[in-house]
1. Does Val82 qualify as being exposed (fewer than 13 other Cβ atoms within 10 Å of the Cβ), among the hydrophobic types (A, V, I, L, M, F, W, C) and modelled with pLDDT under 90?
2. With the condition kept exactly as written, say whether any residue in the range 6-23 is exposed (fewer than 13 other Cβ atoms within 10 Å of the Cβ) and over 18 Å from Gly66 (Cβ atoms).
3. Scan the range 53-61 and give yes if some residue there is surrounded by fewer than 15 Cβ atoms within 10 Å (Cβ to Cβ) and modelled with pLDDT under 85, otherwise no.
4. Would you please list the contacts, defined by Cβ atoms under 9 Å and residues six or more apart or on different chains, that run from a residue in the range 55-66 that is free of Cβ contacts under 8 Å to residues at least 24 places away in the same chain to a residue that is of a type in the set (Gly, Ala, Ser) and surrounded by fewer than 17 Cβ atoms within 10 Å (Cβ to Cβ)?
5. Being aliphatic (A, V, I, L, M), on the phi < 0 side of the Ramachandran plot and touching a residue at least 24 places away in the same chain (Cβ under 8 Å) narrows it down to one of Ala50, Ala30, so name that one.
6. Of the numbered conditions (1) on the phi > 0 side of the Ramachandran plot; (2) at pLDDT below 85, Gly75 fails exactly one; give the number of that condition.
7. Quickly run through the range 24-44 and pick out the residues that are over 15 Å from Lys60 (Cβ atoms) and outside any loop (DSSP other than H, G, I, E, B).
8. Scanning for something farther than 21 Å from Asp3 by Cβ and either buried (at least 20 other Cβ atoms within 10 Å of the Cβ) or not hydrophobic (A, V, I, L, M, F, W, C) (or both), does the range 32-51 turn up at least one residue?
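The values are calculated or read from the model by the stated rules, or taken from the named source; none is laboratory data. A quick note: this is a predicted structure, and the numbers were derived from the prediction, not measured. For neighbour counting, all protein chains shown are included, and Cβ atoms are generated from backbone atoms with ideal geometry for every residue, glycine included.
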Amino acid sequence: MADKSWMLHPLAIRHARECIVIIKRDFDVALKMSDPDFLELLHDKVALGASRDLSKAYAKLVADAGVGKVMQALGSAPARPVVAAR
């Protein structure tokens, strides 16, 4: 289970909600902060690089939550295999 201590920061919550709205608008995917893998799923969408707005909101979330807390939460998830495109 991922560390949720970042959710104690009101500004981090605000930016997480902003990310949720952007993901719904741009990807038509409904993320919820209550999802145990919320940060991992959010990070995956940001890593696609398809939305500048999402990248900005995520950067604000990481800054307000504390980089260590977010990275710790991401680090607790098992690594996914990387498949090279041809």
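1. It is true that Val82 is exposed (fewer than 13 other Cβ atoms within 10 Å of the Cβ), among the hydrophobic types (A, V, I, L, M, F, W, C) and modelled with pLDDT under 90.
2. No, the range 6-23 contains no residue that is exposed (fewer than 13 other Cβ atoms within 10 Å of the Cβ) and over 18 Å from Gly66 (Cβ atoms).
3. No - not one qualifying residue is present in the range 53-61.
4. Close Cβ pairs (under 9 Å, with a partner that is of a type in the set (Gly, Ala, Ser) and surrounded by fewer than 17 Cβ atoms within 10 Å (Cβ to Cβ)) amount to Ser55/Gly49.
5. Going through Ala50, Ala30 in turn, the sole match is Ala50.
6. The single condition Gly75 does not satisfy is (1).
7. Lys24, Arg25, Asp26, Phe27, Phe38, Glu40, Leu41, Asp44, listed by residue number.
8. Within the range 32-51 (the criterion being farther than 21 Å from Asp3 by Cβ and either buried (at least 20 other Cβ atoms within 10 Å of the Cβ) or not hydrophobic (A, V, I, L, M, F, W, C) (or both)), the answer is yes, since at least one residue qualifies.
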